[in-house]
Each structure stands twice: as C-alpha cells, then as structure tokens.
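Participant: Quick one: the structure is below, questions incoming.
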Amino acid sequence: MNGGTIIAKTLQENGTKHLFTLCGGHIAPIYVEAERAGIRVIDVRHEASAVFAADVTARLTGVPGVAAVTAGPGVTNAVTALKNAQMAQSPVILIGGATATLLRGRGALQDIDQTSILHSVVKWSVRVKRVREIGPAMREAFRRAASGIPGPVFIECPVDLLFDGATVRQWYGQKSEPGRSLKERLQHWYIGWHLDRMFSNPDFDENLKPESPRSFDVPENSVRQALDMIRRAEKPVLIAGSGAMAIPAAAGSIADAIRLLGVPTYVSGMARGLLGPNDPVQFIHQRKKAIREADCIILAGVPADFRLDYGRQLNRKAVKIAVSRDTRELKKNLSPDLAVHADPGQFLIALARHDQNGQQTWENWKNALGKYHEERETEIADMAAVPMDGINPLALFRLLESQLPGNSVIIADGGDFAATASYTLRPRKPLSWLDPGVFGTLGVGGGFALAAALQYPDDYIWIIYGDGSATYSLPEFDIFTRHGMKVCAIIGNNGSWEQIARDQKTMLGAATATILPQSDYQRIAEAFGAAGERAETLEAFAASVARAKASMDKGIPYIINAIIGKSEFRKGSISI
C-alpha cells in the first residue's frame, strides 16, 4: 500500500466524489490511486482553477472540496484561490507534493518552504514525514477544514512517501551494495535506516471512523432575546449573507424559517437565491435606505465591512443583532445590542421554531420598502433604455433575466459587468448564485463553473465575465468540452477594465493601463471544440442565448462575446 492509496481511501471514507488536480510528477500516485478507488479525477489548466473548483464543491455540498497540486509553483499558483476560500469560509483541503525527504534543502527541483508560504492563508497545515502519518493527517484535515469557522487546510506530502517502498529504495540506490569507503558505507546505512523508519507500520486502519467536525450550538437565551427585540420593532430588516449558508443541506429549512418570521429580508453573496426570485418577504433594491430607516437590524452571516460602508449605513438608533460563527466579525465596525456566536442559518431556524406569538406582518413597512424597490426598478428600466455605442449592459441583463431557465446557476466573475448583473438577474433557487465573496477575486469563473456543472449536471451554468476577468480562466473551456458540460460564458466586452477606468478617468484624468482590445473571445471556444459567437446588438444577443441553450443541450459549451457600451450605471462604485 503506497501513500497515494492511503490518501484515496481517506477521500473515499469522507465522501469525496471529485478530486481536482493539475498533473505533476510529485503527486502522480494521488490521482492515479484516487481514480482506481472510483473517485472522479478532473484535471484543469491552472492550479487556481483546481482550488476554486474545490471551494465551490464545498459551498454546494458541505463536504470539504479537495485539490492536489504538484510541488513548488504548483503550490504557489494555488495561493490566491486558497485565500479566497479562507475569506469565503469554505472548507477546502489542498494536498501539495514536495521534494523527497532526503533531498530537502539540497537544491532539488521545486524545493521550497511551502508551509511557511501558506501559513497565513490556511487554518491548519502539516508536513507528513512517514507513510503511517498520512491517514491520520488526512482525517484531521477533513475535521479541521469543516470545524468551527470553515476554511482551507494544507497537507504537504513528499514524493517518496507516495510511491511504494521498493520503488523508493531503488531511487536511493538501496538495491546495490554499499561502496567500500567508510563514508559510503555510513551513507548507505543512514539511507536504509531513514527508509525503514519512513515506511514502518504503514497499515491504514479502515475500521477507524473519521472524527466529526465540531458543530455550533444555538444559545437559547439569545434566541429569546432576539425574538423579543424583533417583535417589539416596527421596522425590522434581516440581511442574510454567505455566512448563513455554511450548511448547504439546511437551505430549504432556512428559507422556510425566514418566511415564517416574516421580517423583510435582503440577501447577499451565497444567500442570493435562497428565497427564489419573487418571494414577498424578499426585497432586492434600496437596501441602504432600508437599513437607514430600520429600527431593528439582524445581520445573519454578514459583517459590517466595506459592503455596509463599515457600519455607517446602519441606523445608529436601531437595535442591532449580529450572528456569526466568527467572533471577530460579530463586532467588526459594530457595537451590536446582541452578539450571537452561532451558525447564522441554524439561528434563524431556531428563531422561527421558538416564535410562539404568531407572525407579525409589518405591512406598512413592507409597503414602504416595496415602493423604494419599484422606484429603483423604474430607474434601472430608464437607464436600460439609454442608447449607446454597443449593447446597453442593463438592457442585456434584463433580456437575459427573461430567458433564463429555472434550472440555471449564475457565476459572477468580474467587476463592473458582473456587478451590474447582480441588480437585474434573480437566482431561481438556493445555491444558484456563485461569486468569489469578500476577497473580490477575479478568475474564479472556470473553476466555479466546473464544480457547479459536476454538482448540477442537468442545470445550465452561466458565467458572467467581464472582458478583463475572462482571460484568467477561459482555457478551462477545454475541460468543459471534454466532459460535455452545460456551460455558457457571457463576456461583456467593452474594451476596458471599466470599474477601474470610469472613476480613474474622473479622479486622475487618464485611462492608463485600463484599455483592452475588443477581441474575438468566441474563437477560444472554437479552439477547444466548443462553440460561440459575437453579438453586437441586443437582438443578436437574444438569438445567441437561444443558440447557447440549444448547444448546451447537446453537451457543447458556448461563449457569447457581447459587445457592450460604456454605462454610467455604477459610477462611483469602486471599492478600495
């Protein structure tokens, strides 16, 4: 039994269905043995995509996603994606190859201090030194990744722990007789002693059950306090964010709880789609107005960071209830009247379960919020009608919204174009909107789409790309094509890093380093055996969406290269 076999067995026992990788000699036994164990091994074109795919696998299933990358640049290429998973609180396991144990520090290929580099972007890391340590380390990785505040962990596996002992002994010359000199004989003895120690007691206990991750209890007294605050309020508002979706299987129960509570609700991040597109308790626009007027604000998995203007958007006189798994986020830029250290989704379920006084309606407050919503909808409709050189992006998304099938997953990868989509596209179901999260990482599209297509093979996966962000991961169309995935990329192509350029030109008077060519990105699809087209009018775009759906139904991915105009819709929206 080699180290790769042990890793494959721990993946099996923890319910891992997919292993994401980019091949490398340091880790070959891992993916070969995983495939033999019945785990689907998906190879990608960039290590970051492997980790992004593991991230979304975790978000959609609740089971830690797993990626394996080779030593040195394979590991360092994964750093940004790991940090994104850390800030999105996604349980991810990264297995990294490493140089052979006896060659560390001697100038071997791709030999660097990987654990030090990854120290700040993972919640736990370990460098295994013996074959018998691999199984316990993997089991501990699954437990740690999902416990407490979920996040990424790293296991470094030197290459000579992954191959079988006979092969490794041959590498080190243990099959031949030692030299005659004392130095040669001592060296031969030391290598033999080292290998004996490294391969001693390698058996893997398949009967040992993996330890369950630590869960959160919901404090009963906090539930009672929060209910009292909510029921005394005349203008309550609930904001549910990504932190409320840490247990994907509970999404339906969380949505039911919110409906039972009846509190006017805004959703963000991974919680988008939780209540479907048109639930009467959900409001889409003018959140800022709502929380400035509210007298009770519940932040469920939403920190008071830059997205809430560091808490300045919240009515100072309002009663504030903050719920988070992360104690640091409970009081970040905020002095809540009630800080609840618990899983936000489970807390909302507990609130609804303990509410024995009947649902309040807050009809006057809801009517006011509905009026704000309609006013904003009218503004958006007016701006969507503004003619420009190229397709109006608001008009594009309003049209796309009318054509999206119910079984759609939307992935936002970009700045201005993707953010515009968030105002107009309404996810149809829970866990059907995927964005990078608070880190704002560009390049997530390919990996996110890959994981979504694997989890929802019958759904249409739509990547909303800006023409800047698209080039980070368009090569993953090779993977989509090879596996016949229903993926369509819609690229908003205006020849600019527009979110930066718009305000940079206003503040600094120049568009330096923000200009792009309006390239024929659809040809990339053709190069990988997919299909695509360039759409220069709204009518052409409408037809292209229909053709994209027909193509995806045949297992042929699609790229729509939409030539859009420069809109003032999000002027002043840059976040720094």
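Participant: So which of A368, A304 ends up being under 23 Å from R232 (Cβ atoms) and under 31 Å from the mean Cα position of the chain (by Cα)? Steps first, answer last, please.
Facilitator: Details: A368 fails: under 31 Å from the mean Cα position of the chain (by Cα).
Just one listed residue meets the conditions, A304.
Participant: Taking the conditions exactly as written (under 42 Å from the mean Cα position of the chain (by Cα) and more than 30 Å from F439 (Cβ to Cβ)), does L118 satisfy them or not? Even if it seems obvious, please write down each step before you answer.
Facilitator: Working: under 42 Å from the mean Cα position of the chain (by Cα): yes; more than 30 Å from F439 (Cβ to Cβ): no.
The answer is no for L118.
Participant: For V386, which of the numbered conditions (1) within 20 Å of A421 (Cα to Cα); (2) touching a strand residue (DSSP E or B) at 6+ places or on another chain (Cβ under 9 Å) fails to hold?
Facilitator: Condition (2) is where V386 drops out.
Participant: On to the next question. Kindly indicate which of G390, G440 is in contact with a Gly (Cβ under 6 Å, 6 or more places away or on another chain), of a type outside the set (A, V, I, L, M, F, W, C) and in contact (Cβ under 8 Å) with a residue 24 or more places away in the chain.
Facilitator: Working: G440 fails: in contact with a Gly (Cβ under 6 Å, 6 or more places away or on another chain).
Just a single option satisfies the conditions, and that option is G390.
Participant: Also: Are any residues in the stretch 364-407 of a type in the set (S, T, Y) and farther than 23 Å from A543 by Cα, and if so, which ones?
Facilitator: Keep residues of the stretch 364-407 that are of a type in the set (S, T, Y), which gives 372, 378, 402.
Scanning the stretch 364-407 gives Y372, T378.
Participant: Further question: Picking from A8, A58, A67, which residue would you name as being crowded, with 23+ Cβ neighbours inside 10 Å and over 18 Å from the mean Cα position of the chain (by Cα)? Walk me through how you get there before you give the answer.
Facilitator: Numbers: A58 fails: over 18 Å from the mean Cα position of the chain (by Cα); A67 fails: over 18 Å from the mean Cα position of the chain (by Cα).
Sole residue among the options that is crowded, with 23+ Cβ neighbours inside 10 Å and over 18 Å from the mean Cα position of the chain (by Cα): A8.
Participant: Residue check, D458 against (1) among the charged types (D, E, K, R); (2) within 21 Å of I410 (Cβ to Cβ); (3) outside any loop (DSSP other than H, G, I, E, B), all met but one. Which one?
Facilitator: Looking at each condition in turn, D458 falls short on (3).
Participant: Say whether the condition of being touching a strand residue (DSSP E or B) at 6+ places or on another chain (Cβ under 9 Å), aromatic (F, W, Y) and either buried (at least 24 other Cβ atoms within 10 Å of the Cβ) or assigned to a loop (DSSP other than H, G, I, E, B) (or both) is met by at least one residue in the stretch 439-447.
Facilitator: Just the residues of the stretch 439-447 that are touching a strand residue (DSSP E or B) at 6+ places or on another chain (Cβ under 9 Å), to begin with: 441-447.
Restricting the remaining residues to those that are aromatic (F, W, Y) gives none.
No, the stretch 439-447 contains no residue that is touching a strand residue (DSSP E or B) at 6+ places or on another chain (Cβ under 9 Å), aromatic (F, W, Y) and either buried (at least 24 other Cβ atoms within 10 Å of the Cβ) or assigned to a loop (DSSP other than H, G, I, E, B) (or both).
Participant: Of all strands (runs of 3 or more DSSP E) completely enclosed by the stretch 247-345, which ones contain at least 2 residues that are touching a residue at least 60 places away in the same chain (Cβ under 8 Å)? Full working, then the answer.
Facilitator: Values: elements: 265-267, 296-300, 319-324, 338-341.
Answer list for the stretch 247-345: 296-300, 319-324, 338-341.
Participant: Pick from the stretch 231-267 the residues that are buried (at least 20 other Cβ atoms within 10 Å of the Cβ) and of a type in the set (S, T, N, Q): which of them is farthest from G148 (Cα to Cα)?
Facilitator: It comes out as T265.
Participant: Another question, then. Report, by residue number, each residue of the stretch 160-169 that is assigned to a helix (DSSP H, G or I) and at pLDDT 90 or above. Before you say what the answer is, go through the steps one by one.
Facilitator: Step one: filter the stretch 160-169 for residues assigned to a helix (DSSP H, G or I), giving 160-162, 165-169.
Across the stretch 160-169, the qualifying residues are D160, L161, L162.
Participant: Residues of the stretch 123-148 being over 20 Å from L102 (Cβ atoms) and among the acidic types (D, E), which ones?
Facilitator: If the condition is that a residue be over 20 Å from L102 (Cβ atoms) and among the acidic types (D, E), then E140 is the only one that fits.
Participant: Right, G148: in the same structural domain as T57 (by TED's automatic domain parsing) and at positive phi or not?
Facilitator: Numbers: in the same structural domain as T57 (by TED's automatic domain parsing): yes; at positive phi: yes.
The answer is yes for G148.
Participant: Being more than 14 Å from I461 (Cβ to Cβ) and free of Cβ contacts under 8 Å to residues at least 60 places away in the same chain is the requirement here; does R426 meet it?
Facilitator: Values: more than 14 Å from I461 (Cβ to Cβ): yes; free of Cβ contacts under 8 Å to residues at least 60 places away in the same chain: no.
When the stated conditions are applied, R426 does not pass them.
Participant: Please identify the pairs in which a residue from the stretch 526-545 that is in contact (Cβ under 8 Å) with a residue 24 or more places away in the chain and farther than 10 Å from I560 by Cβ has its Cβ atom under 8 Å from the Cβ atom of a residue that is among the β-branched types (V, I, T) and part of a helix (DSSP H, G or I), counting only partners at least 6 apart or on another chain.
Facilitator: Within 8 Å, the pairs are F528/T481; G529/T481; A530/T481.
Per-residue answers, yes or no, for (1) under 26 Å from A384 (Cβ atoms); (2) among the hydrophobic types (A, V, I, L, M, F, W, C); (3) in contact with a helix residue (DSSP H, G or I) (Cβ under 8 Å, 6 or more places away or on another chain); (4) in the same structural domain as R45 (by TED's automatic domain parsing):
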residue: F477; (1), (2), (3), (4): no, yes, yes, no
residue: R482; (1), (2), (3), (4): no, no, no, no
residue: I524; (1), (2), (3), (4): no, yes, yes, no
residue: A535; (1), (2), (3), (4): yes, yes, yes, no
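Participant: Then there is this: Pairs under 9 Å by beta carbon, first residue in the same structural domain as V79 (by TED's automatic domain parsing) in the stretch 106-122, partner part of a loop (DSSP other than H, G, I, E, B) and of a type in the set (D, E, K, R), six or more apart or different chains?
Facilitator: D111/R104
Participant: Separate question: Does the stretch 101-115 hold any residues that are more than 32 Å from the chain's Cα centre (by Cα) and either over 18 Å from I30 (Cβ atoms) or at pLDDT 95 or above (or both), and which are they? Break it down stepwise before answering.
Facilitator: Looking only at the stretch 101-115, we keep the residues that are more than 32 Å from the chain's Cα centre (by Cα), and these are 101-108.
Those that are more than 32 Å from the chain's Cα centre (by Cα) and either over 18 Å from I30 (Cβ atoms) or at pLDDT 95 or above (or both): L102, L103, R104, G105, R106, G107, A108.
Participant: Among the residues of the stretch 222-246 satisfying the criterion of being assigned to a helix (DSSP H, G or I) and touching a strand residue (DSSP E or B) at 6+ places or on another chain (Cβ under 9 Å), which is farthest from N364 (Cα to Cα)? Lay out the reasoning, then the answer.
Facilitator: Applying the first criterion (assigned to a helix (DSSP H, G or I)) to the stretch 222-246 yields 222-231, 242-245.
Checking the rest, the ones that are also touching a strand residue (DSSP E or B) at 6+ places or on another chain (Cβ under 9 Å) come to 222-223, 225-226, 229-230, 243-244.
Values: S222: 28, V223: 26, Q225: 24, A226: 22, M229: 19, I230: 16, G243: 30, A244: 27 Å.
Step by step, filter the stretch 222-246, then rank; the result is G243.
Participant: Okay, moving on. Applying the selection to the stretch 309-324, what residues are surrounded by 22 or more Cβ atoms within 10 Å (Cβ to Cβ) and either more than 10 Å from S335 (Cα to Cα) or in contact with a His (Cβ under 9 Å, 6 or more places away or on another chain) (or both)? Don't jump to the end; show me each part of the working.
Facilitator: Going through the stretch 309-324, the residues surrounded by 22 or more Cβ atoms within 10 Å (Cβ to Cβ) turn out to be 314, 320-324.
Correct list: L314, V323, S324.
Participant: When Q346 is evaluated against the numbered criteria (1) surrounded by fewer than 17 Cβ atoms within 10 Å (Cβ to Cβ); (2) within 33 Å of the chain's Cα centre (by Cα); (3) among the polar types (S, T, N, Q), which criterion, by number, is the only one it fails?
Facilitator: Going through (1) surrounded by fewer than 17 Cβ atoms within 10 Å (Cβ to Cβ); (2) within 33 Å of the chain's Cα centre (by Cα); (3) among the polar types (S, T, N, Q) one by one, Q346 breaks only (1).
Participant: With respect to N278, is the statement that it is surrounded by fewer than 19 Cβ atoms within 10 Å (Cβ to Cβ), within 25 Å of L434 (Cβ to Cβ) and among the polar types (S, T, N, Q) true?
Facilitator: Numbers: surrounded by fewer than 19 Cβ atoms within 10 Å (Cβ to Cβ): yes; within 25 Å of L434 (Cβ to Cβ): yes; among the polar types (S, T, N, Q): yes.
So N278 fits the description; yes.
Participant: Going through the stretch 402-426 one residue at a time, which ones are closer than 20 Å to G437 by Cβ and aliphatic (A, V, I, L, M)?
Facilitator: Answer for the stretch 402-426, where residues must be closer than 20 Å to G437 by Cβ and aliphatic (A, V, I, L, M): V409, I410, I411, A412, A418, A419, A421, L425.
Participant: Additional query: I need every pair where a residue in the stretch 74-94 that is without any contact (Cβ under 8 Å) to a residue 24 or more places away in the chain has its Cβ under 6 Å from the Cβ of a residue that is among the aliphatic types (A, V, I, L, M), sequence separation at least 6 or different chains.
Facilitator: none
Participant: Scan the stretch 1-27 residue by residue and report those that are closer than 22 Å to G72 by Cα and not aromatic (F, W, Y). If you could, list the steps in order and put the result at the bottom.
Facilitator: The initial filter retains those residues of the stretch 1-27 that are closer than 22 Å to G72 by Cα, namely 3-4, 7, 19-27.
Listed by number, the residues that qualify are G3, G4, I7, L19, T21, L22, C23, G24, G25, H26, I27.
Participant: In addition: List every residue pair whose Cβ atoms sit under 7 Å apart, with the two residues 6 or more apart in sequence or on different chains, where the first one lies in the stretch 8-29 and is over 14 Å from G135 (Cβ atoms) and part of a loop (DSSP other than H, G, I, E, B) and the second, anywhere, is among the acidic types (D, E) and modelled with pLDDT of 95 or more.
Facilitator: Cβ pairs passing all conditions: L22/D43; L22/E47; C23/D43.
The values are calculated or read from the model by the stated rules, or taken from the named source; none is laboratory data. The shown structure was predicted, so the numbers you read here are calculated from the model rather than taken from an experiment. Backbone-built Cβ (ideal geometry, glycine too); neighbour counts: all protein chains shown.
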